[in-house]
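In what follows, a single structure is set out as structure tokens and then discussed.
The values are calculated or read from the model by the stated rules, or taken from the named source; none is laboratory data. Everything quoted here is computed from the prediction, not taken from an experiment. No Cβ is skipped: glycine too gets one built from the backbone with ideal geometry, and neighbour counts run over all protein chains shown. The protein model used for the area step is the full one, side chains on, heavy atoms only, and it has no ligands, DNA or RNA in it. Shrake-Rupley method; radii C 1.70, N 1.55, O 1.52, S 1.80 Å.
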Amino acid sequence: KNVADDFNTSAGVVALTIALFMFLVGVASLLWGPAADYFGRKKTFIVSFIGYLACNVVCMLAPSITVLIIFRALQGAFISSFLTVCSVVVADVNPLERRGEALGIFSIPLNVGPIIGPILGGVLGYSKGWRSTFLLLIILGAALFVVVLIFVPETHQWYVLKRLDKKDPVRRSRIIEASEITSQDPVFMSPVKTFLLAFKPYVSPYLAVCCMEFGAFYGALTLFSPVMASPPYSFNQNIIGVLYIPMGVGAMIAA
């Protein structure tokens, strides 16, 4: 059974699981950025990974469509950390002249992932049921969590320099900007201030273009599956997954 049949609800209600997921991805990013600046990148990753995995477990075992909608939305809130903090990490480890190229490479999986996901989800959902897709996310998420714990270092300059000051003060003293960076403790910027940056004249035009682009892109992703599953198409999950391939090819070319 698919989600609508399992919970005896409509495709429109099921689409809310995607719509609210995407909404919380955007809203929660206002919190994750300041959190990463205050607590450090790695701690923020760890907290968001734990929350993300917990939400996947609840979604897999969801007894009702209401529980599924709520925890899919929370899943979006936690997963937005990866979008926000990963881009900050890319900026941390790349000099200014290489950041554009690095962020372009970083955007490839962000654009292609939403296309590959429905293909894999379609195959799993058709053969094993929709709950199996969350099991796959739990397995992949747990594996990535281990990778982050072991291999991903802290890249926040303040925390890196403080650690270096304890381990190798001589090396730290050779870094010209070290004193300036560590002179002020990290602060938690209000999400309201972060939001108000969107209205700056050097930000708002770019943001408007991004809103139109991603609004159309993710709007299509949200509506595509329920429309293709309804008459006159009535495609099964396998076929719907394959139909996402052209979007993925276009997204990869654009990235």
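Before moving on, here are some points about what is shown:
- Computed lengthening from residue 195 to residue 61, 0.36 nm per intervening residue step minus Cα-Cα distance: 44.7 nm
- The residue 187 and residue 220 beta-carbon pair, evaluated with R₀ = 41 Å, returns a calculated FRET efficiency of approximately 0.55.
- By average C-beta atoms within 10 angstrom, highest first, the peptides 170-178, 64-72, 103-111: 64-72, 103-111, 170-178
- Accessible surface computed residue by residue for the range 92-181, with neighbouring protein chains in place and a 1.4 Å probe, gives 67 Å² per residue.
- Helical segments meeting 24 Å axial Cα length and Kyte-Doolittle -0.5 threshold in the chain (DSSP H): 11-39, 41-60, 65-93, 96-128, 131-151, 204-229
- FRET E, pair residue 230, residue 83, Förster distance 45 Å, beta-carbon r, rounded to 0.05: 0.90
- Accessible surface of the chain, 1.4 Å probe: 71 percent of it comes from carbon and sulfur atoms.
- For a straight C-alpha distance cut-off of 19 angstrom, the lysines reachable from residue 43 (same-chain residues fewer than eight places away being disregarded) are 162.
- Separation of the residue 167 and residue 149 label points, Cα + 7 Å toward Cβ, nm: 2.0 nm
- 1.4 Å probe accessible area per residue over the range 1-87, in Å²: 44 Å²
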